[in-house]
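These notes concern the structure reproduced below.
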Amino acid sequence: MTELLLSAWGEFWIVVWVPPLLWAIVLLLDVFQTNHIFQDRWDGPIISSLFMVFPAISFFLLFPCELPNVQKGGIIAASGVFSAMAVFYYFSALEQRDDVVMADSLNSIAIVLVPLINYMVFGVDYNFYGILAIMLAFVSALLFALEPSSFRDNLIRLRSHNPAFWKAFAYMMISVLFLTLSIVMADHAYSFVPFSTGIVLFSLGNVIVGLGLWLTSPSIVKKVKHAHYNSSRTGVLDLIRENWRIFIIAELTAVLAIVFFQRAIDLGDAAIAIIIESTTPFVVMFMSFLILSIKAFARSILTEISKKQLYNPVIKIVACIGMFVSLMLVALFV
């Protein structure tokens, strides 16, 4: 069994399909956390980044790690920093404008930016089928996120020069930039850094950002300035203590998704990995349908969460077809 798992760990086409499955679970749980647990935009990024200490410790203790030079180690560590900052600005955008449709739509830009930067900076070439697959995946991802009424509302806000809309738009552009840089730098770094070393440094980059955000968050700054609180006692720690069960499930699942995505980048092309990861909305929709079909969940909060994932079924079916064709094209250019 161990040999089978180790063999699968080295197969790109097995590893690359794991992140969408895990992210689908995380996204459904995130809806609950955002609505019922997190207090502000700082909580999610801080907690997510701090949980990355687990892969850092695990891979350091269980697998051989080589100490790279400062330049090589700095690239993969910076990739982790950028990954954490992308999450922070994503939550910042949602705080300005609680519009997940806009945020998810803009986040899909990374599907195009990653191969574009790989081509312009590192000379990675994509044939006609590859370019077609990338563009089709991008359009399909937009369709998954697009809700016509919200899209019209966004256009109205755009014309009315709504400050909150423009702030949210700016934050999402920063988030997409950080996400793209993180993926491209990791894709480049794994060519000269062993995966075990890379994932440790990538995770430490995330943890550093988490600690930085934690120590500069409004809650702890306010306590340090205006009261004699122990600085280790913050709202974030209280949230973890009170909701540790849901965090163990959600955050460790997210950690596994990140580790498998990094492994997919290590084994294959980042452009292919991000195309396949973009199928997460389809997996979310499929899981939501299953939840609504199982009587055991009839009175569960998951039922209400799942109903919200199935709006505009016709558009999503078209998006699924587009994503399926994109994946077929991917098989032609690997």
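The values are calculated or read from the model by the stated rules, or taken from the named source; none is laboratory data. This structure is a prediction, so every number in the text was calculated from the model and none was measured. Cβ: placed from backbone, ideal geometry, glycine included. Neighbour counts: every protein chain shown.
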Yes/no for Tyr89 being modelled with pLDDT of 85 or more, aromatic (Phe, Trp, Tyr) and farther than 18 Å from Pro281 by Cβ: yes
Looking at segment 123-134, which of its residues are more than 19 Å from Leu329 (Cα to Cα) and within 24 Å of the chain's Cα centre (by Cα)? none
Within segment 229-254, how many residues are in a loop (DSSP other than H, G, I, E, B) and modelled with pLDDT of 70 or more? 1
Tell me yes or no: at least one residue of segment 304-314 is surrounded by fewer than 18 Cβ atoms within 10 Å (Cβ to Cβ) and modelled with pLDDT of 75 or more. yes
Is it fair to say Ala257 is modelled with pLDDT under 85, assigned to a helix (DSSP H, G or I) and of a type in the set (A, V, I, L, M, F, W, C)? no
Please find, within segment 260-277, the residue that is modelled with the lowest pLDDT out of those that are buried (at least 22 other Cβ atoms within 10 Å of the Cβ) and among the small types (Gly, Ala, Ser). Ala271
Show the residue pairs meeting these rules: Cβ distance below 9 Å; 6+ apart or different chains; first residue within segment 230-254 and more than 15 Å from Leu29 (Cα to Cα) and β-branched (Val, Ile, Thr); second residue modelled with pLDDT of 70 or more and not in a helix (DSSP H, G or I). Thr234/Ser217; Val236/Trp42; Val236/Ser217
When every residue in segment 169-207 that is among the hydroxyl-bearing types (Ser, Thr, Tyr) and touching a residue at least 60 places away in the same chain (Cβ under 8 Å) is compared, the one surrounded by the most Cβ atoms within 10 Å (Cβ to Cβ) is Ser203
Picking from Leu136, Leu116, the residue that is in a helix (DSSP H, G or I), in contact (Cβ under 8 Å) with a residue 40 or more places away in the chain and at negative phi would be Leu136
Sort through Leu181, Leu146 and tell me the only one that's modelled with pLDDT under 70 and not small (Gly, Ala, Ser). Leu146
Of those in segment 93-113 that are under 16 Å from the mean Cα position of the chain (by Cα) and not in a helix (DSSP H, G or I), the residue modelled with the lowest pLDDT is Ser108
